[in-house]
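**Q** Just dropping this structure here.
The values are calculated or read from the model by the stated rules, or taken from the named source; none is laboratory data. All figures in this text were calculated on a predicted structure; none of them were measured in a lab. All Cβ positions, even for glycine, are placed from backbone atoms using ideal geometry, and neighbour counts span all protein chains on display. Please note that ligands, DNA and RNA were not included when accessible areas were found on the heavy atoms of the full protein model with its side chains. Shrake-Rupley method; radii C 1.70, N 1.55, O 1.52, S 1.80 Å.
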Amino acid sequence: MRDEQGRHVVGRVRWRRFAVLSVPGFAATAALAVALANGALAASFAVSGQQFKVAADDLRGDGFAQYGSVDTNARGDLLPVAVTAIKKAEISNLCQSVVTKLPVVGSISLKLSAGTGSKPVQATDLYMDATDIAGDASFNNIEIGRDASTLDKGPDGAQGMQDAFSQQADDIRIAKLRTVAWATTAGTFKLNGLSMKISKGKKECF
């Protein structure tokens with residue numbers, strides 16, 4: 001992002017407010033019904049009843065778009081999300097965790113890590129359906145307040161509802177990424193140095 005003098009702007013971003021501001025059109029039942037009728041859902045599958053956490057030291061992406069949408073679970077509940085869509089991404093030191101409570105056993109944690117060495121995680125057509133995003137973010141040629149139905153810098157089809165708020169940029173970098181999400185999808189997802197562990201108790205990325 002650049003100021004009026006053309007200087008690059010870097011800032012600390014918390015996008016929980018963006019999610020709240022970008023999804024008010026989905027709050028009304030009528031608007032949600034229209035979204036469902038038009039197929040304006042984020043994830044292409046019913047999400048689980050649990051959110052998961054994702055952390056990374058660094059995310060670099062080309063072709064960034066972000067807009068409000070909704071996920072649905074198996075019960076048909078509507079879950080407002082801020083969709084972050086990136087054409088091509090590289091992620092260093094990725095961590096993903098989810099904690100499940102089981103009868104008698106108690107809490108069970110699944111923790112995945114990848115891209116911890118010299119080779120980062122690589123993804124194309126990456127979508128993250130999040131409710132909370134934090135990190136140190138910078139953008140190039142960002143457009144804020146664009147109609148979500150006209151987005152054209154992210155992956156093909158990465159668009160929201162007409163008249164809804166959105167933003168996009170040529171590229172994005174987020175250092176110290178922390179996000180809570182309902183779903184992640186990608187065209188390709190290469191997890192270099194993958195490690196997955198299941199253990200008792202709560203062991204999360206952050």
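**Q** Roll a 1.4 Å probe over the protein heavy atoms and report the accessible area of T131 in Å², nearest 10.
**A** T131 exposes around 40 Å² with every protein chain in place.
**Q** Could you order V70, V99 by accessible surface area, starting with the largest, using a probe radius of 1.4 Å? Provide the component values of the computation, followed by the final result.
**A** Details: V70 0, V99 35 Å².
Result, largest first: V99, V70.
**Q** Something else now. Using a 1.4 angstrom probe on the protein heavy atoms only, could you order I198, I133, I142 from most to least accessible area? Walk me through the numbers before you get to the answer.
**A** Working: I198 115, I133 10, I142 35 Å².
Accessible-area ranking of I198, I133, I142, largest first: I198, I142, I133.
**Q** Also, quick follow-up: Which sequence of S138, S195 reflects their accessible areas, 1.4 Å probe, from the largest down? Show your work: numbers first, answer last.
**A** On the way: S138 20, S195 40 Å².
Result of the area sort, largest leading: S195, S138.
**Q** Can I ask one more? Specify the inter-centroid distance of the range 63-80 and the range 87-119, based on alpha-carbon positions, in whole Å.
**A** 21
**Q** In addition: Hull surface divided by four, with the convex hull built on the Cα atoms of the range 84-124: how many nm²?
**A** Values: hull surface 15.9 nm².
Projected area, direction-averaged: 4.0 nm².
**Q** Given labels modelled 7 Å from the Cα in the Cβ direction, how far is it in nm from K101 to R60?
**A** The modelled label-to-label distance comes out at 4.2 nm.
**Q** What does the accessible area of K197 come to, in Å² to the nearest 10, when a probe of 1.4 Å is used?
**A** Only protein atoms counted, so the area is about 140 Å².
**Q** Net charge around F45, counting only other residues with Cβ within less than 15 Å of its Cβ (Lys, Arg = +1; Asp, Glu = -1)?
**A** Numbers: positive: R75; negative: D71, D77, D129.
Charge balance in the 15 Å sphere: -2.
**Q** Okay, next question. Kirkwood hydrodynamic radius, the range 59-206, all distinct C-alpha pairs: what's the number in Å?
**A** Working: mean 1/r = 0.0611 Å⁻¹.
Final number for the Kirkwood radius of the range 59-206 is 16.4 Å.
**Q** What whole-number volume per residue, in cubic angstrom, does the convex hull of the C-alpha atoms of the range 61-106 give? It would help to have the intermediate numbers written out before the result.
**A** Details: hull volume 5.3 nm³, N = 46.
Taking only Cα atoms, the range 61-106 has a hull volume of 116 Å³ per residue.
**Q** If each residue of separation counts as 0.36 nm, what is the full-extension length gain between Q50 and K202 once their alpha-carbon separation is subtracted?
**A** Values: separation 152, 0.36 × 152 = 54.72 nm, distance 1.40 nm.
Here the segment from Q50 to K202 would lengthen by 53.3 nm.
**Q** Straight-line reach from K202: which lysines have Cα under 18 Å away, leaving out those fewer than 8 places along the same chain?
**A** In chain and number order, the partners are K53, K101, K111.
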